[in-house]
Amino acid sequence: MSAIRITQSVGLSGANNPADVRTIQTALNKLLQLLPGTNTLAVDGRLGSRPESSKTVAAIKAFQSKVVDMVRPDGRIDPNGRTHKKINEKLARTATVAAIPLSGNLKLTLKQNMKKYEGNIPHMYLDTKGKVTMGVGHLLKDVDAAKKVPFIIRDTGTSATPQQIEDEFKLIKSKPYGSQAASFYKPFTKLEATEAVREAQVEDHIRVFESELKRIYGASEFASYPDNVKLALFDMIFNLGMPELKNGFPKFNKHMKARDFKKAAIESNRVDVSAERNSYVRNLFQSTK
């Protein structure tokens, strides 16, 4: 979000033009990471019949106290006033931080751990839930998804036809699953994906997961997390998917919002992964200062 403009004062004893109030509500929602204990504001352009009891005014006062360092917050934002300027300063910094890409070292560590826990299998196989998978945990949800992968014939190195891909997908789908290792399925396969294809899939997964994590936790908030926390979150979203991480771990996300990573560690346990993998994620959170 870029710098905001308001035409009149907002807050206690302010003009409270609805458009200006909405602008302030939206801006404060972007800066909630600076206001622990403040919940997301409704962007409705209103302060209610008793502005002194408004959540928006309370958020303004919290910002003035914790960010502007006002000894006596007045709950009012004047155009180009001290509080308005500080909001724009923080919004600019937030936008800059959010745009910072993952560091090369972090991405390298992330890839190594993804391959460690998901494997790096060139051929199709069934995961523990019976879903056709290949590469580094790359799910092939149906035949059409499989056909989008440029498989080659293992013995000749020539490109597989769509029909060959479909036939192998259906063959693997018909096999038993549950406790079978990925290697169990190799004798039934003739097709595989090159290392370059699998590496490109990993890059795409990281890009998508980063975008989804920023949607869950806020772009600037995620960018500000220590590397160990980012690694832990990537592992969780890879295994769980965005909907489950966002909605299925309320206690975990409550602690994440408060940046209490040690309590988040306790709530990070997943039922469908190994004890080793759960321990890896838990230790990443617990080792964060």
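Positive end of the dipole of segment 76-167, charges at C-beta (+1 Lys, Arg; -1 Asp, Glu), about the Cα centre: which of 136, 92, 164 has its Cα farthest in that direction?
Farthest towards the positive end: 92.
Could you please state how large a percent of the accessible area of the chain is carbon and sulfur, counting protein chains only and using a 1.4 Å probe?
Values: 7780 of 15300 Å².
Accessible surface attributable to carbon and sulfur in the chain totals 51 percent.
May I ask you to work out the translational diffusion coefficient for segment 16-165 at 37 °C, viscosity 0.692 mPa s, via Stokes-Einstein with Rh from the Kirkwood sum over Cα pairs, reported in whole µm²/s?
162 µm²/s
Could you name the aspartates and glutamates whose alpha carbon sits less than 15 Å from that of residue 107, not counting residues in the same chain fewer than 8 places away?
199, 203, 204, 210, 227, 235
Give the label of the value calculated from the structure for Cα extents along the principal axes in Å, choosing from (i) 52, 49, 44; (ii) 77, 36, 35; (iii) 59, 49, 38.
The listed entry that was calculated here is (ii).
Which part of segment 110-152 falls in the paramagnetic zone of residue 181, meaning amide N under 16 Å from the point 7 Å along Cα-to-beta-carbon?
Once the point is set 7 Å along Cα→Cβ of residue 181, 116-123, 125-128 turn out to lie under 16 Å by backbone N, inside segment 110-152.
Under 17 Å Cα-Cα from residue 147, which aspartates and glutamates qualify once same-chain neighbours fewer than 8 residues away are excluded?
Those aspartates and glutamates meeting the cut-off are 166, 167, 168, 192.
Select from 9, 209, 231 the residue farthest towards the positive end of the dipole of the chain; place +1 on Cβ of Lys and Arg, -1 on Cβ of Asp and Glu, and compute about the Cα centre.
9
Dividing the convex hull volume of the Cα atoms of segment 238-289 by its residue count, what figure in Å³ per residue is obtained?
Details: hull volume 3.8 nm³, N = 52.
Expressed per residue, the convex hull around the Cα atoms of segment 238-289 is 72 Å³.
For segment 171-251, treating each Cα as an identical point scatterer without solvent, what Debye log10 I(q)/I(0) comes out at q = 0.12, 0.16, 0.25 1/Å?
One equal scatterer on each Cα of segment 171-251 leads to -0.54, -0.80, -1.16.
Give the angle, between 0 and 90 degrees and rounded to the nearest 10, that separates the Cα long axis of helix 162-173 from the longest principal axis of the Cα atoms of the chain.
Once rounded, the angle reads 90 degrees.
Tell me, what is the per residue accessible area of the chain in Å², probe radius 1.4 Å?
53 Å²
Once you compute Rg and the Kirkwood Rh from C-alpha atoms, what is the Rg to Rh ratio for segment 205-273?
0.91
As I understand it, the value is the acute angle between the Cα axis of helix 275-286 and the longest principal axis of the Cα atoms of the chain; what does it come to in degrees, rounded to 10?
That helix lies at roughly 20 degrees to the long axis.
To the nearest 20 debye, what charge dipole does the chain have about its Cα centre, counting +1 at the Cβ of each Lys and Arg and -1 at the Cβ of each Asp and Glu? Provide the component values of the computation, followed by the final result.
On the way: 46 positive and 30 negative charges, 203 e Å.
Computed about the Cα centre, the dipole is about 980 debye.
Restricting to DSSP H runs of at least four residues, report the calculated mean residue ellipticity at 222 nm for the chain, -39500 (n - 2.57) per run over all residues, nearest 500 deg cm²/dmol. Before the final figure, lay out the partial values.
Values: 13 runs with 149 residues, N = 289.
So the calculated ellipticity at 222 nm is -16000 deg cm²/dmol.
Please give the per residue volume of the convex hull enclosing the alpha carbon atoms of segment 85-182, rounded to a whole number of Å³. Walk me through the numbers before you get to the answer.
Details: hull volume 16.9 nm³, N = 98.
Per-residue hull volume (Cα only) is 172 Å³.
Cα atoms only: what Rg and Dmax, in Å, come out for segment 142-181?
Both quantities, over Cα of segment 142-181: 11.5, 32 Å.
Would you mind checking the pairs 141/173; 148/170; 66/254; 131/175; 230/289 and listing those with alpha carbons more than 19 angstrom apart?
Numbers: 141/173 11 Å; 148/170 15 Å; 66/254 21 Å; 131/175 11 Å; 230/289 14 Å.
Distance filter (> 19 Å) returns 66/254.
Let me spell out the model: positive unit charges on the Cβ of Lys and Arg, negative unit charges on the Cβ of Asp and Glu, origin at the Cα centre of segment 156-260. What dipole size does that give, in debye rounded to 20?
Computed about the Cα centre, the dipole is about 460 debye.
In square nanometres, what is one fourth of the surface area of the convex hull spanned by the alpha carbons of segment 117-259?
Across all orientations, segment 117-259 yields a mean hull projection of 9.4 nm².
Could you estimate the translational diffusion coefficient of segment 1-100 from the Stokes-Einstein equation, with Rh from the Kirkwood formula over C-alpha pairs, at 25 °C and 0.890 mPa s, in whole µm²/s? Mind dumping the intermediate values first?
On the way: Rh = 13.3 Å.
Approximately 185 µm²/s, per Stokes-Einstein.
In this model, which of 55/263; 214/251; 214/257; 116/186 are farther than 23 Å apart at the alpha-carbon?
55/263
For segment 112-123, just list the computed ³J(HN,Hα) in residue order, Karplus coefficients 6.51, -1.76 and 1.60, θ = phi - 60°, integers in Hz, with x standing in for Gly and Pro.
The phi angles translate into 4, 6, 4, 5, 5, 8, 9, x, 9, 9, x, 9 Hz.
The values are calculated or read from the model by the stated rules, or taken from the named source; none is laboratory data. All values derive from a computational prediction rather than experimental measurement. Neighbour counts are summed over all protein chains in view; Cβ atoms, including those assigned to glycine, are modelled from backbone coordinates with ideal geometry. Areas reflect the complete protein model, heavy atoms only, side chains present, ligands, DNA and RNA absent. Shrake-Rupley method; radii C 1.70, N 1.55, O 1.52, S 1.80 Å.
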